[in-house]
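*Asks:* Structure incoming, see below.
The values are calculated or read from the model by the stated rules, or taken from the named source; none is laboratory data. Just so you know, these numbers come straight off a predicted model, no measurement behind them. Every residue, glycine as well, gets a Cβ built from its backbone with ideal geometry; the counts of neighbours run over all protein chains shown.
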């Protein structure tokens, strides 16, 4: 298993710790290059974290003015659709935090084709983020969740996007969902300075145990095992998700 495991008795303790880490990374990034570039995750666990984060947002207004918000993945639906990650983030965080509107970068725009949305988001990332030696955009922080099938972002098992090595963002029709998804690719995620994976609930316990007990060089069984950033990787786990693990924390 790659990365550091942080295990908390309950989700509120998890959110408090992650909020402190968010602030540390944000201040360090702003001091280093004048901006904090963060990609948000979708899902229920991140939703509750954004609500927690929003409660403290007004305290550090100058930092939020230099924060740029991106998305790790998105459903190809209108921005006001109930399934939209953008809508969830707007309801919980973006409408509360003192962000500059031009610093919020939605991933999918209705009226454009999926291909056009991918091309425009790729161009946006290259124009607004620092680039590494491989010309991949470098996020200061990427937040990720994990599904019960081991997917993260919209990188699902047995899909072609898992093998994308050239583009930082791509689209995939996910057959079992009968829907198009846009997502950051593994090269873009792994170029980040920090990646934080949030996992809560005992429904994820067995798959976490499989991941944490896997041999270091074993073939990845689950998409999330391909998350191996150049920077720091941290797992934020509640006790229910982590109860089958045998790790120090």
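*Asks:* Here is a list: 81, 37. Which entry is part of a loop (DSSP other than H, G, I, E, B), in contact with a strand residue (DSSP E or B) (Cβ under 8 Å, 6 or more places away or on another chain) and either touching a residue at least 40 places away in the same chain (Cβ under 8 Å) or more than 24 Å from residue 188 (Cβ to Cβ) (or both)? Break it down stepwise before answering.
*Replies:* Details: 37 fails: part of a loop (DSSP other than H, G, I, E, B).
None of the others qualify; the one that does is 81.
*Asks:* Right, something else. Just checking: which of the strands (runs of 3 or more DSSP E) contained wholly in the range 131-249 hold 1 or more residues that are farther than 23 Å from residue 33 by Cβ?
*Replies:* Numbers: elements: 141-144, 169-174, 179-184, 194-199, 232-238.
Passing ranges, in order: 169-174, 179-184, 194-199, 232-238.
*Asks:* Checking residue 93 against (1) surrounded by fewer than 19 Cβ atoms within 10 Å (Cβ to Cβ); (2) under 28 Å from residue 240 (Cα atoms); (3) touching a helix residue (DSSP H, G or I) at 6+ places or on another chain (Cβ under 9 Å), which single condition isn't satisfied?
*Replies:* Every listed condition holds for residue 93 apart from (1).
*Asks:* Looking at (1) closer than 20 Å to residue 45 by Cβ; (2) under 13 Å from the mean Cα position of the chain (by Cα), which one does residue 201 not meet, given that it meets all the others?
*Replies:* Here residue 201 meets the rest and fails (2).
*Asks:* Filter the range 169-190 for residues that are over 13 Å from residue 74 (Cα atoms) and out of contact with any helix residue (DSSP H, G or I) (no Cβ under 7 Å at 6 or more places or on another chain); which is surrounded by the fewest Cβ atoms within 10 Å (Cβ to Cβ)?
*Replies:* 178
*Asks:* Scan the range 103-130 for residues that are within 12 Å of residue 70 (Cα to Cα) and assigned to a loop (DSSP other than H, G, I, E, B) and jot them down.
*Replies:* Across the range 103-130, the qualifying residues are 105, 106, 107, 108, 129.
*Asks:* May I ask you to say which residue of 197, 224 is under 22 Å from residue 16 (Cα atoms) and modelled with pLDDT of 95 or more?
*Replies:* 197
*Asks:* To continue, here is another question. Can you go through 68, 105 and tell me which one is in contact with a strand residue (DSSP E or B) (Cβ under 8 Å, 6 or more places away or on another chain) and in contact (Cβ under 8 Å) with a residue 40 or more places away in the chain?
*Replies:* On inspection, the qualifying residue turns out to be 68.
*Asks:* Being modelled with pLDDT under 95, closer than 20 Å to residue 49 by Cα and surrounded by fewer than 22 Cβ atoms within 10 Å (Cβ to Cβ) is the requirement here; does residue 147 meet it?
*Replies:* yes
*Asks:* Looking at this structure, is residue 54 modelled with pLDDT under 95, surrounded by 14 or more Cβ atoms within 10 Å (Cβ to Cβ) and not in a loop (DSSP other than H, G, I, E, B)? Lay out the reasoning, then the answer.
*Replies:* On the way: modelled with pLDDT under 95: yes; surrounded by 14 or more Cβ atoms within 10 Å (Cβ to Cβ): yes; not in a loop (DSSP other than H, G, I, E, B): yes.
Against the criterion (modelled with pLDDT under 95, surrounded by 14 or more Cβ atoms within 10 Å (Cβ to Cβ) and not in a loop (DSSP other than H, G, I, E, B)), residue 54 qualifies.
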